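So the structure is just underneath, and the comments pick up after that.
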Amino acid sequence: MERYNRIADDVSLGQGTKVHGFANLYGCSLGDETSVGAFVEIQSGVVIGRRCKVSSHSFICEGVTVEDEVFIGHHVCFTNDLYPRSTTGDGRLQEAGDWRLVETVVKRRASIGSGAVILAGITIGEEALVGAGAVVTKDVAPGAVVVGNPARVIRTVDDGAGV
Ligand SMILES: CC(C)(COP(=O)(O)OP(=O)(O)OC[C@H]1O[C@@H](n2cnc3c(N)ncnc32)[C@H](O)[C@@H]1OP(=O)(O)O)[C@@H](O)C(=O)NCCC(=O)NCCS
């Protein structure tokens, strides 16, 4: 493991899993042979499967589950609160319990292009491909290729136009 990481004691790392410099991991679990790039943050409760690649600068928040062999590009941003606020109605800083955590799942062998934003509560289907810079606001069907803001289907991965 490289020197400049903050990997909390409660992180479970699979065999052969690599975490590159300046990553910040706490309370999460990563399967075997998964690779995590520099400056990635992975929060509590996140489960990442085997042989996944998480590219540098991505943010994976609490409530996200990533199945095996998933590719996550650079600067991918997950979210878990659809209506975020800093404070409660009476001006107190929000804490756990003041907001509703909404879960997201990325299914096996899906890929997410660089700079994509995944809104809370989404399921990205098996082998689906999310284009660079997409803002994903609805579930993505298995094998669908989606691009844009809001992300729309442009084709499927098995239509012969390349994966
Ligand atoms: C989504 C993607 C797979 C589509 O590839 P493709 O099927 O070969 O698509 P094409 O290049 O033929 O483009 C088809 C159309 O979608 C548009 N398009 C392609 N990718 C787009 C994207 N990310 N965002 C918005 N529009 C996109 C093209 O402009 C084109 O539009 P047009 O028909 O109006 O000309 C690819 O463009 C992409 O974004 N890959 C992810 C790259 C990445 O982030 N890699 C991370 C590691 S480096």
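The values are calculated or read from the model by the stated rules, or taken from the named source; none is laboratory data. What you are looking at is a predicted structure, and each value in this text was computed from that prediction instead of being measured. For the accessible areas, the whole protein counts, side chains as well, though only heavy atoms, and no ligand, DNA or RNA atoms are used. Shrake-Rupley method; radii C 1.70, N 1.55, O 1.52, S 1.80 Å.
Taking amide H as placed 1.01 Å from N in the peptide plane, the amide H of Ala23 sits under 5 Å from that of Arg6, Phe39, Val40, each at least 5 places away or on another chain.
In this structure the chain gives 53 Å² per residue of accessible area when probed at 1.4 Å with all protein chains present.
Probe radius 1.4 Å, ligands and nucleic acids ignored: give me the carbon and sulfur share of the accessible area of segment 23-129 as a rounded percent.
On the way: 2430 of 4990 Å².
Answer for segment 23-129 is 49 percent, counting heavy atoms of protein chains only.
Couplings for segment 14-28, taken from phi via the Karplus curve 6.51 cos²θ - 1.76 cosθ + 1.60 with θ = phi - 60°, read x, 5, x, 7, 10, 10, 8, x, 6, 6, 10, 10, 8, x, 10 Hz in order; Gly and Pro are left as x.
Between Asp68, Asp98, Asp90, the Gaussian network model of the chain with springs among Cα atoms under 10 angstrom shows the greatest mean-square fluctuation at Asp90.
Take every pair of alpha-carbon atoms less than 8 Å apart whose residues are at least six positions apart; their mean separation over the length of the chain yields a relative contact order of 13 percent. Rg of the Cα atoms in the chain, relative to 2.2 N^0.38 Å, amounts to 1.05.
Given a 1.4 Å probe and the protein chains all in place, what does the accessible area of His74 round to, in Å² to the nearest 10? Its accessible surface works out to 90 Å², give or take rounding.
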